[in-house]
Amino acid sequence: MLKHNSSLPILFLSALLFQACEFDHGLGLSPSRISGKVIFVGTDDRPSNVEEVRVVAAARFPPTGVSDIFFSNAVDFAADSSEYEIILPYGNYQAIAVLWKPRNDDWALESLLGFYGFDPFTFQASLKNVELTEQNPEATDIYVPALWGFTTFDARVEGTLTYRGNWPEDTEIVVMGGFTQVPDLNDIGLAVLLSLGGINFTLPQNVTSYQYELAVRKGDYKFVGLFWKGRNIPWDKIRCIGFYPAANDSTMPGSFSLPPEGRITGIDFVADFNTLPDGVKLGGGR
């Protein structure tokens, strides 16, 4: 039985936790389906307690209920790639993702390995939808990456993200990141990625606030912030529009530590679209 839980999963599809699963939506011999391959990356990072891997499709983002989520068959996770198929009704599916289930544990949408539109080699991402209609009932060759390194994100950061200003019309994506060092906000390059302890590509857009949960690795964190990317802006020019502030100086980032499987709450901050096109400046500078 799929059950609701009020906590928010990280990296994907807020608002549901999956307990013991039944994957029958009563569709029978539905002619519409999504199929393709899961491409596994980083086999050396695969944990020993993997029980099952499946692909999910979300009819809404974020989902509003169990009926918005459809599961594939179990995927062979011992291979470098494996075929999958999801039988589901006609509709516009706003997110396709890969989840893994630890042995003797429950299914949870927080157990994300990757999603359609994510490039695990460059860390570029754009959440891609899949539309099924009576005229085009099948979507084939939908390749979804699965990055085993995401299984090391065993700690959690929670808080409220509040938006200020109007969402720009050319918004492509907003990305939340947790860093072990304060990044150079004017140069989001390889050096910045090396200090990245957790990332969320799949935050909802056109909202005024959001109760987020960010999966991170254990360790000391010196920066949690939100980055904005416009459609015609290269990834190395994305802009930070807000960060978790220090208690004694709101113009500088706050810090905290997390043990293995630790959880910290109250990491609240404001993301201000009015700071664009340059984004925020540490120390309150211009």
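A few comments on the model shown:
- Taking (1) outside any helix (DSSP H, G or I); (2) closer than 30 Å to GLU52 by Cα; (3) under 14 Å from the mean Cα position of the chain (by Cα) in turn, PHE150 satisfies each apart from (1).
- When the range 193-209 is filtered for residues that are assigned to a strand (DSSP E or B) and buried (at least 21 other Cβ atoms within 10 Å of the Cβ), the ones remaining, listed by number, are GLY197, GLY198, ILE199, ASN200.
- Scanning the range 66-90 for residues that are open to solvent by less than 20 Å² (accessible area, probe 1.4 Å) and of a type in the set (Gly, Ala, Ser), we see that the one that is nearest to ILE39 (Cα to Cα) is SER82.
- For the range 238-279, the set of residues classified as of a type in the set (D, E, K, R), free of Cβ contacts under 8 Å to residues at least 60 places away in the same chain and over 21 Å from THR202 (Cβ atoms) consists of ASP249, ASP278, listed by residue number.
- Filter pass, ASN232 being open to solvent by 30 Å² or more (accessible area, probe 1.4 Å) and in contact (Cβ under 8 Å) with a residue 12 or more places away in the chain: yes
- Evaluation of THR122 against the conditions (1) of a type in the set (Ser, Thr, Tyr); (2) at pLDDT 90 or above; (3) open to solvent by 20 Å² or more (accessible area, probe 1.4 Å) shows that the sole unmet condition is (2).
- Enumeration of residues in the range 247-277 that are part of a strand (DSSP E or B), more than 28 Å from THR171 (Cβ to Cβ) and open to solvent by less than 50 Å² (accessible area, probe 1.4 Å): PHE256, LEU258, ILE264
- Complete set of residues in the range 235-246 that are open to solvent by 50 Å² or more (accessible area, probe 1.4 Å) and β-branched (Val, Ile, Thr): none
- Among the residues of the range 156-174, those identified as modelled with pLDDT of 90 or more and crowded, with 16+ Cβ neighbours inside 10 Å are ARG156, VAL157, GLU158, GLY159, LEU161, TYR163, VAL174.
- Any chance ALA146 is among the hydrophobic types (A, V, I, L, M, F, W, C), touching a strand residue (DSSP E or B) at 6+ places or on another chain (Cβ under 8 Å) and farther than 22 Å from SER255 by Cα: yes
The values are calculated or read from the model by the stated rules, or taken from the named source; none is laboratory data. Source: prediction; values computed, not measured. In this analysis, Cβ positions are derived from the backbone assuming ideal geometry, glycine residues included, and neighbour counts consider all displayed protein chains. Just so you know, the surface numbers come from the protein's heavy atoms only, side chains and all, with ligands and any DNA or RNA stripped out. Shrake-Rupley method; radii C 1.70, N 1.55, O 1.52, S 1.80 Å.
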